[in-house]
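**Q** Handing you this structure, nothing more for now.
The values are calculated or read from the model by the stated rules, or taken from the named source; none is laboratory data. This one's a predicted model, so the numbers in the text were calculated from it and none came from an experiment. Note that we place each Cβ from the backbone using ideal geometry, even for glycine, and neighbour counts take in every protein chain shown.
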């Protein structure tokens, strides 16, 4: 158990590429912190800096309050689980698990131990290592595998051995670099749960990197969304989902992601091509303002009704409704995702705005591609964002 | 349509591949009606381009004088290349009509019935009354007798060649050094006592060695003859080397060389012996050499121009006077289609005019007395001044006969070298070794006294039916294997496109390989037709495995070398590869520098290393001396211990290839493994042992097998650097195989050696593969 603190930590590569840009992060004792973001966002680099595999260009890294910037990896008391597990191919599972302990024993050299009369001390160490391997293997269910070689294991088994190697040493901090991405979907779900349980049992501090936002949300006590080397949001998963800090987080978190429509806000109404939504007065800062912004709402906050011939023209002004045409219907069992394109008055001005609505299966029973529909947005749950890829969410009252 | 195209293209490729061969045949036949073509082959060793030009001029003149006869001239280079080429041509039934034969090779060629007897032409000349009639009485009789062979020994019997020129031997002396030491210049009457006294006095000069004394077998025998002894009787019936007088004479020579400092060059290294040492001006006398060194010695500048004056003295006398006749003839192929024209040409090439032209070259003494004693030879405008010295030796000079079996000279040479030159054996030991090797050799009569001829008809019938069976089997498998028409059509096209290679493989690889196995069961000599071969069963193999001590030495030398070179090379290559993975500026340059030696020519590199290992001025010994370690005589008396290691050290020069493969392997190892070990606290040695080695194990295995195979196949280095000397101490397996096949014409025996080598390589590869199964991890190759 330990805390990990990053203060203004940056990583600059040769040639001036700034992979990590002055990030601040404080991870508490026993916290399961997940760094998530698209590839190239700096999350792995951050993790590797914590591990000591990458040099820190700038800023301060502390573990348990002590500055460790210049401490070599082996002295930081951390464990690292690699995406491809990095098991030693010529060692058995037991030897792999014991490897870190073997390297750290005080009397590693049997000859020297014999010459200096410390054979007993060495023997006690050996017994302790064997004991520790047994504990780890029973925790992770590796008992059957101890004498096998990595090449004789399945992907899931290798993954468990990699975790076993990490926990054997009882380190202060566990670092996981996309440990599940080489597993198939079902095993990934299973292992996710086990990791969660393991965390609870060890109450260890974990820093975990993934590009899969769903995995991130299910595992994280603390979710850190990264993009372009910066922290975009640092909160619980729930907060990140419900109140994304900015448009990037809104688009990244959630499956399917938040619907976003670029437009213009004026006089309490959001206007876009083919869309005109009167919004309740929840944005005090926007009163009497007129400015470009983006409107966002979660797919499950939308409902759909079939457009009928007779309510054609005047329905456009009938409140929070958007006319759209169905382009895809994805049935997930109890729910159905309906992808739509917003009906446009003209085809000018860039690409089509796409929307997704997640509705109960029975509501969408008769939906077909090409159907003309109206999307009813629950205006209590819409967000407004400043323009731009990382435009901040405009605080609502 | 596409298929048709494929067929056409494939056929065109095959036709194109063979067109060149066919084209040669067509052009060769393009002679005017009534014209004939003679092929003449010669070498130009010491004579160089000058000799080349003289022969060419002479042939042009012959063509002009003999309309209707065209002469095609071949010159493969030095004598060694000449004999290899001649052997190949004879085996192919395409021998040149007229060619050089050295006196020492005559018995071998004559015994194999490859030369046309010339007696009937000669006797016809006498009565012909022609103006250009050849008169053998005009020649020095020893030179003519050198080309007579009676089926057993040279010197009498049928005449097989007309001597073109010859030489006697003696010492070349640096007159400036003689003056400086106050030693009177010797005369043709000097003795060995005078010789060695002079050598000792001259050796007292600072930095000067008294004399170079080459220990070539013919020179050793000539030396012995001056003491009235010999290694073999004149009738070649009995070995005389063990006689007390012979041993005493040899011991004297050995003592001069090895028990005294600077009196004789001690054969410490190859560049310190031979004719070229004299050029440096640090050796007062050099010999026994014949006339052939004169063209190169004439390049020595005079005293005024920084060189020195030199001259020739014939061999000193011991208890008697003796000298040898070394000569080369023009001979005619037994199966020539144009014997008359060939004889005319031989006459032309040995007549007075040709001999005069040759005499100007300075390379040898004309074989016609009248020319030798004329100004054409005696003209002293160029050194040496003492041309008369060569002629003074003639009355005592004889042809030194050799057994037709060239192995005698080989064994004698290598054992005498170990005693006289490298000095690692006493004379008694060397003589014992000679006798044992020679006895083993003569007792080996492959196939017994009357071996059956090789049943070629039966063999070829068997081989053809076997081939038929294989083709039928393959066709049947193919027919059954792929059911769909499409697949079969694709396979057909594939085979068709591969057919040029397939044909090439069958004709130039598979057939010779199979053939060599058949030959290993015969006594084929490689320079006659296959029909002359006898069937000897497994005699060759039995001789090799149980009795041939030279073969066992070669195997030991090779094993010793492999034991050193393989681990050394692999460790170095891996070490270098690890260094080359460093991310340093300009690393590509370093990698290229390490790899560069691998693309350099083997022969040039070998010559370079010959100098590096030179025991007197070589780089390695200089370095060793500078740190106070006396360097060994790598290829001299310490060759038994240090010869193969020298080659092993040299092989490190070529680790670039292995290094590149290791480098590629290292870059395949996932970085995460090292990072994991880092975090686990493993130090760099642990990381190397637990990650680099296991992850690299498939690459190590590959490199190891390649290195083991390569170490069994050492040839070029040994051939160029030592030629297997001293004795057989650096005679590697393949070098011995080459000696047997292409120098001693024992092709059946050499084929058996090749097959034993193949089996050994197979066994080693299998052993390595099997024993490595538990130590090789293929993880890094898996994705």
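**Q** Looking only at segment B:599-614, which residues are under 20 Å from the mean Cα position of the chain (by Cα) and either in a helix (DSSP H, G or I) or at pLDDT 85 or above (or both)? Quick ask: steps written out before the conclusion?
**A** Here is the first cut: in segment B:599-614, the ones under 20 Å from the mean Cα position of the chain (by Cα) are B:601-611.
Listed by number, the residues that qualify are B:602, B:603, B:604, B:605, B:606, B:607, B:608, B:609, B:610, B:611.
For every residue, the table says whether it meets (1) farther than 22 Å from residue A:161 by Cα; (2) modelled with pLDDT of 90 or more.
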position: A:37; (1), (2): yes, yes
position: A:44; (1), (2): no, yes
position: A:78; (1), (2): no, yes
position: A:95; (1), (2): no, yes
position: A:120; (1), (2): yes, no
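**Q** Can you pull out every residue in segment A:28-58 that is out of contact with any helix residue (DSSP H, G or I) (no Cβ under 9 Å at 6 or more places or on another chain) and part of a strand (DSSP E or B)?
**A** Residues satisfying the conditions are A:33, A:58.
**Q** Sticking with this structure for a sec: I'd like to know if segment B:243-251 contains one or more residues that are surrounded by 15 or more Cβ atoms within 10 Å (Cβ to Cβ) and touching a strand residue (DSSP E or B) at 6+ places or on another chain (Cβ under 7 Å).
**A** For segment B:243-251, residues surrounded by 15 or more Cβ atoms within 10 Å (Cβ to Cβ) and touching a strand residue (DSSP E or B) at 6+ places or on another chain (Cβ under 7 Å): absent.
**Q** When you look at residue A:86, is it within 14 Å of another protein chain (Cβ to nearest Cβ) and surrounded by 21 or more Cβ atoms within 10 Å (Cβ to Cβ), yes or no? Break it down stepwise before answering.
**A** Working: within 14 Å of another protein chain (Cβ to nearest Cβ): yes; surrounded by 21 or more Cβ atoms within 10 Å (Cβ to Cβ): yes.
Here the answer is yes, as residue A:86 does meet what is asked.
**Q** List the number of the failed condition for residue A:264; all other conditions in (1) in a strand (DSSP E or B); (2) crowded, with 19+ Cβ neighbours inside 10 Å hold.
**A** In the conditions (1) in a strand (DSSP E or B); (2) crowded, with 19+ Cβ neighbours inside 10 Å, residue A:264 misses (2) alone.
**Q** Going through B:504, B:537 one at a time, which residue ends up being on the phi > 0 side of the Ramachandran plot and more than 24 Å from the chain's Cα centre (by Cα)? Write out each step before concluding.
**A** On the way: B:504 fails: on the phi > 0 side of the Ramachandran plot.
Only one candidate qualifies: B:537.
**Q** Give A:233, A:238 a once-over and let me know the one that is under 30 Å from residue A:278 (Cβ atoms), under 14 Å from the mean Cα position of the chain (by Cα) and exposed (fewer than 15 other Cβ atoms within 10 Å of the Cβ). First the steps, then the outcome.
**A** Details: A:233 fails: exposed (fewer than 15 other Cβ atoms within 10 Å of the Cβ).
Matching residue, one of A:233, A:238: A:238.
**Q** What residue, among those in segment B:659-701 that are touching a residue at least 24 places away in the same chain (Cβ under 8 Å) and within 12 Å of another protein chain (Cβ to nearest Cβ), is farthest from residue A:168 (Cα to Cα)?
**A** Checking each candidate, the answer is B:698.
**Q** In segment A:59-108, what residues are in a strand (DSSP E or B) and in contact with a helix residue (DSSP H, G or I) (Cβ under 7 Å, 6 or more places away or on another chain)?
**A** If we filter segment A:59-108 for residues that are in a strand (DSSP E or B), which is where we start, we get A:59-63, A:66-67, A:78-81.
Those that are in a strand (DSSP E or B) and in contact with a helix residue (DSSP H, G or I) (Cβ under 7 Å, 6 or more places away or on another chain): A:61, A:78, A:79, A:80, A:81.
**Q** Looking at segment A:109-128, is at least one residue surrounded by 13 or more Cβ atoms within 10 Å (Cβ to Cβ) and within 14 Å of chain B (Cβ to nearest Cβ)?
**A** no
**Q** Given the options A:79, A:94, A:106, A:51, name the one that is within 14 Å of chain B (Cβ to nearest Cβ), over 27 Å from residue A:231 (Cα atoms) and either surrounded by fewer than 18 Cβ atoms within 10 Å (Cβ to Cβ) or in contact (Cβ under 8 Å) with a residue 40 or more places away in the chain (or both). Please lay out each step first, then the result.
**A** Working: A:79 fails: over 27 Å from residue A:231 (Cα atoms); A:94 fails: within 14 Å of chain B (Cβ to nearest Cβ); A:51 fails: over 27 Å from residue A:231 (Cα atoms).
Residue meeting the stated conditions: A:106.
**Q** Let me ask something additional. Listed residues B:224, B:264; which is under 25 Å from residue B:720 (Cα atoms), touching a helix residue (DSSP H, G or I) at 6+ places or on another chain (Cβ under 6 Å) and either outside the structural domain of residue B:727 (by TED's automatic domain parsing) or modelled with pLDDT under 90 (or both)? Before you say what the answer is, go through the steps one by one.
**A** Details: B:224 fails: under 25 Å from residue B:720 (Cα atoms).
The unique qualifying residue is B:264.
**Q** Another question, then. Hey, could you check segment A:283-300 for residues that are at pLDDT 80 or above and surrounded by fewer than 19 Cβ atoms within 10 Å (Cβ to Cβ) and say which is farthest from residue A:383 (Cα to Cα)? Even if it seems obvious, please write down each step before you answer.
**A** Kept after step one, since they are at pLDDT 80 or above, are these residues of segment A:283-300: A:283, A:290-300.
Among the residues that remain, those that are also surrounded by fewer than 19 Cβ atoms within 10 Å (Cβ to Cβ) are: A:283, A:290-292, A:300.
On the way: A:283: 10, A:290: 16, A:291: 15, A:292: 14, A:300: 14 Å.
In this case the residue turns out to be A:290.
**Q** Among (1) out of contact with any strand residue (DSSP E or B) (no Cβ under 7 Å at 6 or more places or on another chain); (2) more than 12 Å from chain B (Cβ to nearest Cβ), which single condition is residue A:152 missing?
**A** (2)
**Q** Can you name every residue in segment B:664-689 that is closer than 19 Å to residue B:576 by Cα and crowded, with 22+ Cβ neighbours inside 10 Å?
**A** Across segment B:664-689, the qualifying residue is only B:665.
**Q** So in segment B:731-783, with the set limited to residues that are within 14 Å of another protein chain (Cβ to nearest Cβ) and crowded, with 16+ Cβ neighbours inside 10 Å, which one is nearest to residue B:517 (Cα to Cα)? Reasoning before the result, please.
**A** Here is the first cut: in segment B:731-783, the residues within 14 Å of another protein chain (Cβ to nearest Cβ) are B:772-783.
Still in the running and crowded, with 16+ Cβ neighbours inside 10 Å: B:776-777, B:779-780.
Details: B:776: 35, B:777: 38, B:779: 41, B:780: 41 Å.
Here the answer is B:776.
**Q** Next question. Go through the residues of segment B:631-641 one by one and say whether even a single one is over 22 Å from residue B:424 (Cα atoms) and more than 28 Å from the chain's Cα centre (by Cα). Before the answer, list the steps.
**A** Just the residues of segment B:631-641 that are over 22 Å from residue B:424 (Cα atoms), to begin with: none.
No: zero hits.
**Q** Residues that are crowded, with 17+ Cβ neighbours inside 10 Å and either within 15 Å of residue B:578 (Cβ to Cβ) or within 14 Å of another protein chain (Cβ to nearest Cβ) (or both): does segment B:702-721 have at least one?
**A** Yes, that holds for at least one residue.
**Q** Between A:306, A:331, which is surrounded by fewer than 15 Cβ atoms within 10 Å (Cβ to Cβ), over 19 Å from residue A:376 (Cα atoms) and modelled with pLDDT of 75 or more?
**A** Values: A:306 fails: over 19 Å from residue A:376 (Cα atoms).
One residue alone meets the criteria, A:331.
**Q** Can you tell me which residue among B:596, B:589 is in contact (Cβ under 8 Å) with a residue 24 or more places away in the chain, in a helix (DSSP H, G or I) and exposed (fewer than 11 other Cβ atoms within 10 Å of the Cβ)? Talk me through it step by step, then tell me what you get.
**A** Details: B:589 fails: in contact (Cβ under 8 Å) with a residue 24 or more places away in the chain.
Answer to the selection: B:596.
**Q** Would you please name the residue that is nearest to residue B:86 (Cα to Cα), looking only at residues in segment B:521-532 that are within 24 Å of the chain's Cα centre (by Cα) and assigned to a loop (DSSP other than H, G, I, E, B)?
**A** Among those residues, the one meeting the criterion is B:527.
**Q** Hey, another quick one. Counting only residues that are surrounded by 18 or more Cβ atoms within 10 Å (Cβ to Cβ) and under 13 Å from residue A:158 (Cα atoms), which one in segment A:169-187 is farthest from the chain's Cα centre (by Cα)?
**A** Taking the candidates together, the pick is A:183.
**Q** Check whether at least one residue in segment B:52-59 is more than 22 Å from the chain's Cα centre (by Cα), at positive phi and modelled with pLDDT of 85 or more, and report yes or no.
**A** Among the residues of segment B:52-59, not one is more than 22 Å from the chain's Cα centre (by Cα), at positive phi and modelled with pLDDT of 85 or more, which makes the answer no.
**Q** A further question on this structure: If I filter segment B:305-322 for residues that are within 11 Å of residue B:383 (Cα to Cα) and without any contact (Cβ under 8 Å) to a residue 24 or more places away in the chain, do I get at least one hit?
**A** no
**Q** Let me ask something additional. So how many residues does segment A:54-73 have that are within 14 Å of chain B (Cβ to nearest Cβ) and surrounded by fewer than 16 Cβ atoms within 10 Å (Cβ to Cβ)?
**A** To start, the set of residues in segment A:54-73 that are within 14 Å of chain B (Cβ to nearest Cβ) comprises A:54-55, A:63, A:68, A:71-73.
Adding the requirement that they be surrounded by fewer than 16 Cβ atoms within 10 Å (Cβ to Cβ) leaves A:55, A:71-72.
The qualifying residues number 3.
**Q** Go through (1) within 18 Å of the chain's Cα centre (by Cα); (2) part of a helix (DSSP H, G or I) one by one and return the number of the condition residue B:727 breaks.
**A** Only one criterion is unmet by residue B:727, namely (2).
**Q** Spot the failing condition for residue B:394; the list is (1) closer than 28 Å to residue B:151 by Cα; (2) modelled with pLDDT under 90; (3) out of contact with any strand residue (DSSP E or B) (no Cβ under 6 Å at 6 or more places or on another chain), and only one is missed.
**A** (2)
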